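The values are calculated or read from the model by the stated rules, or taken from the named source; none is laboratory data. All figures in this text were calculated on a predicted structure; none of them were measured in a lab. Reconstructed Cβ throughout: ideal geometry from the backbone, glycine too, with neighbour counts over all protein chains shown.
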Amino acid sequence: NRTRRRFLPNLNDVTLQSEILGRGIKLKICAAALRTVDHRGGLDQFFAKSKDSELSDSALKVKKEIAKAQAAA
């Protein structure tokens, strides 16, 4: 009997540091997203360049916090 193969994302629990907020943020992201964060130059730049439709609800909250902190600084 052959079973159907499942292709699941490579999810990791990571804590990424935000330079603007000055604290770590816990996220559950895939390995490809982690490489994208590194490529864009950190968490703050990643959220600045990402579209709202691509982010989860918790990531949108963090993005708004970062935008508010940038506007205040």
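Anything in the range 1-49 that is part of a helix (DSSP H, G or I), in contact with a helix residue (DSSP H, G or I) (Cβ under 7 Å, 6 or more places away or on another chain) and surrounded by fewer than 11 Cβ atoms within 10 Å (Cβ to Cβ)? List them, or say none. The one that is part of a helix (DSSP H, G or I), in contact with a helix residue (DSSP H, G or I) (Cβ under 7 Å, 6 or more places away or on another chain) and surrounded by fewer than 11 Cβ atoms within 10 Å (Cβ to Cβ): 49. Out of 48, 33, 69, one residue alone is in contact (Cβ under 8 Å) with a residue 24 or more places away in the chain and among the small types (Gly, Ala, Ser). It is 69. Here residue 15 clears all of (1) at pLDDT below 90; (2) in contact with a Gly (Cβ under 9 Å, 6 or more places away or on another chain); (3) of a type in the set (S, T, N, Q) except the condition numbered (1). Checked against the criteria, residue 66 does not count as surrounded by 11 or more Cβ atoms within 10 Å (Cβ to Cβ) and assigned to a loop (DSSP other than H, G, I, E, B).
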